[in-house]
Amino acid sequence: MVKTVERDVELTCIRCPKGCALTVHVNPDNTATVTGNSCPKGEEYGRTEVLNPVRTVTSSVRIAGTKNGVVSVKTKGDIPKGKIFECMDALKGISVEAPVKIGDVIIENVADTGIDVVATANFE
């Protein structure tokens, strides 16, 4: 197990409109204790954001055979924050054939995350 430096991290929770002021105490054994949350979502958010931050990536890809046609896309789930640039590199230069429907898989298992990139709009 990797030992970490014991520290406190101050965050504002974004899981609900309350915006609780969280304090995440990181222990040397890489566990965390969260205080300041008013619901379980805050505890989960604080622990994840400090120990293993993840993000949903949104972007767009070109529609082949069009001059300026694009379709919006996003990762179907959260990916590790450290994989965002790999995800964007995978999307760079991609073009898809129309028609595209919401939910169509554009890239499977982007950046070896196990998460697909899907269309978030229709394009005829």
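The values are calculated or read from the model by the stated rules, or taken from the named source; none is laboratory data. None of the values given here were measured: they were computed from a predicted structure. Positions of Cβ are backbone-derived with ideal geometry, glycine not excepted, and every protein chain shown enters the neighbour counts.
Couple of notes before you dig in:
- Test: residue in the range 33-51 that is modelled with pLDDT of 95 or more, crowded, with 16+ Cβ neighbours inside 10 Å and assigned to a loop (DSSP other than H, G, I, E, B): yes
- Just one residue in the set GLY46, GLY69, GLY65, GLY36 is in contact with a strand residue (DSSP E or B) (Cβ under 6 Å, 6 or more places away or on another chain) and on the phi > 0 side of the Ramachandran plot; that residue is GLY36.
- Residues of the range 79-103 classified as part of a strand (DSSP E or B) and under 21 Å from PHE123 (Cα atoms), total: 3
- Some residue of the range 59-73 being at pLDDT 95 or above, hydroxyl-bearing (Ser, Thr, Tyr), under 11 Å from the mean Cα position of the chain (by Cα) and not in a helix (DSSP H, G or I): no
- One residue stands out among those in the range 13-69 that are free of Cβ contacts under 8 Å to residues at least 12 places away in the same chain and in the same structural domain as ALA90 (by TED's automatic domain parsing): the one that is nearest to ALA121 (Cα to Cα), which is ASN68.
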